[in-house]
Structures are given as C-alpha cells and as structure tokens.
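Only one structure is covered here, and it is reproduced in the block below.
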Amino acid sequence: MNRKMLIASALSLALTAAAQQSPEQFSVATLNVDGLPQQILFFNVNANGPGVTGSLQIGQYFSERQYDMVFFQEDFNYHDELTLNLEDDYQIDTWTGDVGLIGHDIDLLHPQNHRFECDGLGACVKNNITIESVIRTPWNTYFGKFSHALDELVTKGFRRYELTLASGHQLVVYNMHMDASDRNDVYDGTDEKDREARRGEWIQLRDDILEKLDERPVIILGDLNSFYTRDAVQDYFIEAINATGRAKASDVWVELEHEGQYPELQEITTGIEREGYETDGECYDKIIYINPTNGQQLKAVAYKRDTEGFQYDGEPLGDHYPVSAVFEWAGSGEETGIETLPIAQPDTNSGSNELFDLNGRRIESVSEKGLYIEKNEKGTFKRIVK
C-alpha cells in the first residue's frame, strides 16, 4: 500500500468517524462491485473484473471505513468474498444468485429466452440499525439482450429498505441498478433505446416513491447509469417530485460539489471522442435525497467519490469508484424549509392544484427560495421555501 493510498484511507476514515461522533449524523456509501464472472467455460466475460482476490479487497476496504450503510450493485459471483470481512459489523441483505451455467436451468438451444432472476443488489447495514422491511421490485422497462450492455440477461430493479437508525430516526432507502449503455453506443449516438428504458425506470421509481411517501425522508442511490447532460432526470424526476409540493428532491453531488446547479441537458450527438457528457466530476453513481414537506428533514453535509483510496498496487479495484455521503437530521419540515399558512384567495377564477408567484402569475413548480401561493382542493396556502 503506497503513501497516497494510506493518506486517502486516513482521510476517509476520519470522515466516517466524524459522522459517527454525533447521533444526529449517519453515513451511506454505494458501489457497483463489478461482480460478473471473469470467465464462463472458455469465454471471457469480465476478464478485467476484480474476481475473487479483488472482491475480498473491496470487502476489506468497506470494513476499514465503517460506513453506517453500504449498498452494492452487480453483486453476482463473488458475494461470499465481498461480504467475508463485513459479517461481524453488518447485517447482510439477501443475495439473489450468480450468473453462469452451473445450477441454472438453461435451454442451450435457445439461450435468448433465458433470464437470470438475480438482481445483483445488496446492502450491508450496521448491526445497531433495525431493518424494518425490504421490498424487491423489478423494472418494467429494459433493453438489451445480446447487445447494449446485456441488461435483459438479469432481473435488474430496485430494493426499498425501511430502516430505524440507532438514534431512533426512521428512514427509507432505495438501492438500484438502471439500464446501461455500451460505450460504443454512447459514442456513436445509438443509445436511444437505452435512454428510453432509463426514462421509464426513473418514472417507475418516482411513482413508487410518491405512492409510499410519508413523514420519513428518502435516500435514492446506486448505479443509475445516468448523466444530467444526457438524460432528462432533472425534469421527469427531480422537478416532477418538487412540483407536487409534497417533497423536495436534491442530488448531493449537485448540492455540495456543483454549486447547486444541475448540468444542462445536451443535444445527443454522434462521434463523442471521450465521456464528454460528464460535467465537472459527475458520475453514473448518484446519491439523491428527498425531504417530505411535512416530515423529518435531512441535510447533506459531506460527499466523496474515492478515486484514490479505492486502489490496490496503484490500480482501481473495479470499474467504478465508491461514492459516499454524510447526512444529519435537521428537524421537521416546519422548522427547516417549507411551511404552509392559510391566506386570502389569490385568484377566484383559478382551478385546483395550482401555484402562483406573488404577482399572481401561474407557475409550474417552486424552483428557488421565496414566497409562493398554492391552491388545492383543501384551500389556498402561502408556501415559504427557506
């Protein structure tokens, strides 16, 4: 282990330790562990993947950092090695199986009809956290059987966790792996169907969150395979949730690393020479959180993409880097950001479920701090966004 790695490890450990000093703070991390088999029979599948040795090292990496919650994607063929060093301190979520020929009933004459039922998702949750429930949901939309990153070969989707932390606070976490695009398809501008599949997945996720939304805050994380410059996530997920008035969604990287500004959606072009749709450090792996208007509130206080500490002998342990965040509890909605008070009717001719600025002009959603007027079936309210 070289000096840079030791320094990075010490900094990361200090970040996590700081989070654990206060009962009002907690840490989360997410990583695509690149757990596809290196080889099936005589065919290379993921020859450059971490394999047995690298998966053990990934588990050791998280054991040293002691995040409160760690969420995995692509946890397929090296689950035992990945979790070996985490078993003492963490509760290990249900593993749904590997990818390969042994132990699977595959019609080798018609392999195009086979789909592995595993989702590759998993979680390691500290022993002092109570897991109230886990619900596994497959995506309704997906694309790519023998091309476009082979998304249809496994049962991708999301898992919803209801958790009670040691502090007594309750929380909902969604872990997921969205439809991927091959790099060549991205560079050639032929990933339209992948982006359509992801759009359907974002909308399915949004609808599930809103259907179950209550007073508990929600964290969404995982390998989302989405860039704000390439997928209109801000429109059909972030702003769509905000427009309901029931909650506010925020991306931790945007908030803490990109001055609160979402990268602009760009026109899809061909001939991309590099990952030019990346903007100032944005990556596929994201942590988004949602504060319910009339419920408990979270505040993101730290964000890290560990491109230095996640190495062995100077080489990355996988093709993704861990992304982590520290949150603190910030009271209720009335105390920290959004409150509603009855006021006079601003527009007697207006319909229900409409928003107005102070000049009486209708607006689609609240996009910045200030005072707004909301009319719905229960009456008219003043909304203060602090």
key: Residue list for region 44-84, filter: open to solvent by less than 30 Å² (accessible area, probe 1.4 Å) and at pLDDT below 80   = Asn46, Gly49
note = Filtering helices (runs of 4 or more DSSP H) wholly in region 169-255 for at least 1 residues that are surrounded by 23 or more Cβ atoms within 10 Å (Cβ to Cβ) gives 192-212
request  = Considering only region 305-327, state which residues are within 30 Å of Pro217 (Cβ to Cβ), part of a strand (DSSP E or B) and either touching a His at 6+ places or on another chain (Cβ under 9 Å) or open to solvent by 50 Å² or more (accessible area, probe 1.4 Å) (or both).
outcome  = Arg305
key: Every pair of residues 6+ apart whose Cβ atoms lie under 8 Å, when the first sits in region 127-142 and is in a strand (DSSP E or B) while the second is of a type in the set (Val, Ile, Thr) and open to solvent by 70 Å² or more (accessible area, probe 1.4 Å)   = Val134/Thr94
request  = Report yes if some residue within region 297-306 is at pLDDT 85 or above, touching a Cys at 6+ places or on another chain (Cβ under 9 Å) and closer than 21 Å to Tyr67 by Cβ; otherwise report no.
outcome  = yes
request  = Would you check if there is a residue in region 5-26 being open to solvent by 60 Å² or more (accessible area, probe 1.4 Å) and at pLDDT 75 or above?
outcome  = yes
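Which ones in region 27-43 are part of a strand (DSSP E or B) and modelled with pLDDT of 75 or more? First the steps, then the outcome.
Here is the first cut: in region 27-43, the residues part of a strand (DSSP E or B) are 27-32, 39-40, 43.
Within region 27-43, Ser27, Val28, Ala29, Thr30, Leu31, Asn32 meet the criteria.
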message = Of the conditions (1) open to solvent by 50 Å² or more (accessible area, probe 1.4 Å); (2) modelled with pLDDT of 95 or more, Leu150 satisfies every one except a single condition; which number is it?
response = (2)
remark   = In region 107-137, anything in contact with an Asp or Glu (Cβ under 9 Å, 6 or more places away or on another chain), at pLDDT below 95 and open to solvent by 40 Å² or more (accessible area, probe 1.4 Å) is listed as Asn113, Arg115
request  = Quickly run through region 44-89 and pick out the residues that are under 24 Å from Phe158 (Cα atoms) and of a type in the set (Phe, Trp, Tyr).
outcome  = Phe62, Tyr67, Phe71, Phe72, Phe76, Tyr78
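The values are calculated or read from the model by the stated rules, or taken from the named source; none is laboratory data. If you're wondering where the values come from, they're calculated on a predicted model, not measured in any experiment. All Cβ positions, even for glycine, are placed from backbone atoms using ideal geometry, and neighbour counts span all protein chains on display. We work out accessible area using only protein heavy atoms, side chains counted, and drop any ligands, DNA or RNA first. Shrake-Rupley method; radii C 1.70, N 1.55, O 1.52, S 1.80 Å.
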